[in-house]
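Colleague: If you scroll down you'll find the structure; I have some questions about it.
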Amino acid sequence: MNDGRGTVDDSQWPLWEVFVQPPKGEPHEHAGSLHAVNAEQALQNARDVFTRRMEGVSIWVVPSSAITASSPEERDSFFEPAADKAYRHPTFYDIPKEVKQL
(Lines give C-alpha, C1' and ligand atoms only; values in the text may rest on other atoms or scores of the structure.)
Protein backbone atom coordinates (compact mmCIF):
# COMPACT_ATOMS: atom_id res chain seq x y z
CA MET A 1 0.00 0.00 0.00
CA ASN A 2 1.35 3.43 -0.89
CA ASP A 3 1.76 5.83 2.03
CA GLY A 4 1.41 8.96 -0.13
CA ARG A 5 5.16 9.58 -0.35
CA GLY A 6 5.78 6.98 -3.03
CA THR A 7 6.92 4.29 -0.59
CA VAL A 8 5.22 1.11 0.50
CA ASP A 9 3.95 0.81 4.06
CA ASP A 10 5.67 -2.39 5.24
CA SER A 11 3.25 -2.85 8.14
CA GLN A 12 0.80 -4.19 5.55
CA TRP A 13 3.23 -6.98 4.65
CA PRO A 14 3.03 -10.30 6.48
CA LEU A 15 4.80 -10.55 9.82
CA TRP A 16 7.62 -13.12 10.12
CA GLU A 17 9.29 -14.54 13.22
CA VAL A 18 13.06 -14.93 12.96
CA PHE A 19 15.10 -17.68 14.64
CA VAL A 20 18.91 -17.66 14.53
CA GLN A 21 21.24 -20.55 15.35
CA PRO A 22 24.39 -19.43 17.19
CA PRO A 23 27.79 -20.44 15.73
CA LYS A 24 28.54 -23.22 18.23
CA GLY A 25 25.60 -25.36 17.10
CA GLU A 26 23.19 -24.49 19.88
CA PRO A 27 19.45 -24.59 19.17
CA HIS A 28 17.87 -21.80 17.13
CA GLU A 29 16.74 -18.88 19.29
CA HIS A 30 14.02 -16.34 18.60
CA ALA A 31 15.79 -13.17 17.45
CA GLY A 32 12.79 -10.98 16.66
CA SER A 33 10.13 -10.20 14.09
CA LEU A 34 10.00 -8.37 10.78
CA HIS A 35 7.63 -7.58 7.93
CA ALA A 36 8.37 -8.92 4.44
CA VAL A 37 6.51 -9.64 1.23
CA ASN A 38 7.59 -13.30 1.05
CA ALA A 39 9.85 -15.90 2.65
CA GLU A 40 12.87 -15.06 0.50
CA GLN A 41 12.71 -11.39 1.38
CA ALA A 42 12.14 -12.26 5.06
CA LEU A 43 15.25 -14.46 5.02
CA GLN A 44 17.39 -11.77 3.40
CA ASN A 45 16.09 -9.06 5.73
CA ALA A 46 16.64 -11.32 8.74
CA ARG A 47 20.24 -11.88 7.65
CA ASP A 48 20.80 -8.14 7.31
CA VAL A 49 19.09 -7.21 10.58
CA PHE A 50 19.86 -10.06 12.98
CA THR A 51 23.28 -11.39 11.88
CA ARG A 52 25.27 -8.27 11.03
CA ARG A 53 28.14 -9.38 13.26
CA MET A 54 28.22 -13.03 12.19
CA GLU A 55 26.11 -14.06 15.20
CA GLY A 56 24.55 -17.05 13.47
CA VAL A 57 25.14 -19.97 11.16
CA SER A 58 21.51 -20.65 10.25
CA ILE A 59 18.33 -18.57 10.06
CA TRP A 60 14.73 -19.72 10.10
CA VAL A 61 11.86 -17.43 9.14
CA VAL A 62 8.31 -18.48 9.99
CA PRO A 63 5.11 -16.63 9.15
CA SER A 64 3.67 -15.42 12.44
CA SER A 65 0.26 -16.58 11.26
CA ALA A 66 1.58 -20.19 11.25
CA ILE A 67 2.37 -20.15 14.98
CA THR A 68 -0.20 -21.46 17.43
CA ALA A 69 0.46 -20.57 21.05
CA SER A 70 -1.17 -20.99 24.42
CA SER A 71 -2.48 -17.92 26.17
CA PRO A 72 -1.00 -16.72 29.48
CA GLU A 73 -4.56 -16.18 30.72
CA GLU A 74 -5.25 -19.90 30.23
CA ARG A 75 -2.11 -20.96 32.09
CA ASP A 76 -3.82 -22.63 35.06
CA SER A 77 -6.29 -24.70 33.06
CA PHE A 78 -3.85 -25.45 30.22
CA PHE A 79 -1.04 -26.80 32.41
CA GLU A 80 -3.24 -28.31 35.15
CA PRO A 81 -3.16 -31.86 33.70
CA ALA A 82 0.63 -31.98 34.25
CA ALA A 83 0.24 -31.35 38.00
CA ASP A 84 -1.00 -34.90 38.69
CA LYS A 85 2.07 -36.57 37.17
CA ALA A 86 4.28 -36.74 40.24
CA TYR A 87 6.30 -39.55 38.67
CA ARG A 88 7.89 -36.95 36.37
CA HIS A 89 9.56 -35.28 39.34
CA PRO A 90 12.11 -37.20 41.40
CA THR A 91 10.80 -35.85 44.70
CA PHE A 92 10.22 -39.28 46.26
CA TYR A 93 13.64 -40.76 45.42
CA ASP A 94 16.53 -40.91 47.85
CA ILE A 95 19.63 -39.36 46.35
CA PRO A 96 22.81 -41.30 47.19
CA LYS A 97 25.47 -39.36 49.11
CA GLU A 98 27.95 -39.97 46.28
CA VAL A 99 25.84 -38.00 43.82
CA LYS A 100 26.72 -34.30 43.62
CA GLN A 101 23.74 -31.99 43.66
CA LEU A 102 23.74 -28.72 41.77
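Colleague: Which ranges mark the strands (runs of 3 or more DSSP E) fully within the chain that have 3 or more residues being of a type in the set (A, V, I, L, M, F, W, C) and at pLDDT 95 or above?
Modeller: 15-21, 58-63
Colleague: Among all residue pairs at least 6 apart or on different chains, which show Cβ distances below 9 Å where the first residue, located in region 49-78, is over 18 Å from Glu17 (Cβ atoms) and the second is aliphatic (A, V, I, L, M)?
Modeller: Final answer for the pair search is Val57/Val20.
The values are calculated or read from the model by the stated rules, or taken from the named source; none is laboratory data. Please read all numbers here as calculations on a predicted model, not as lab measurements. Reconstructed Cβ throughout: ideal geometry from the backbone, glycine too, with neighbour counts over all protein chains shown.
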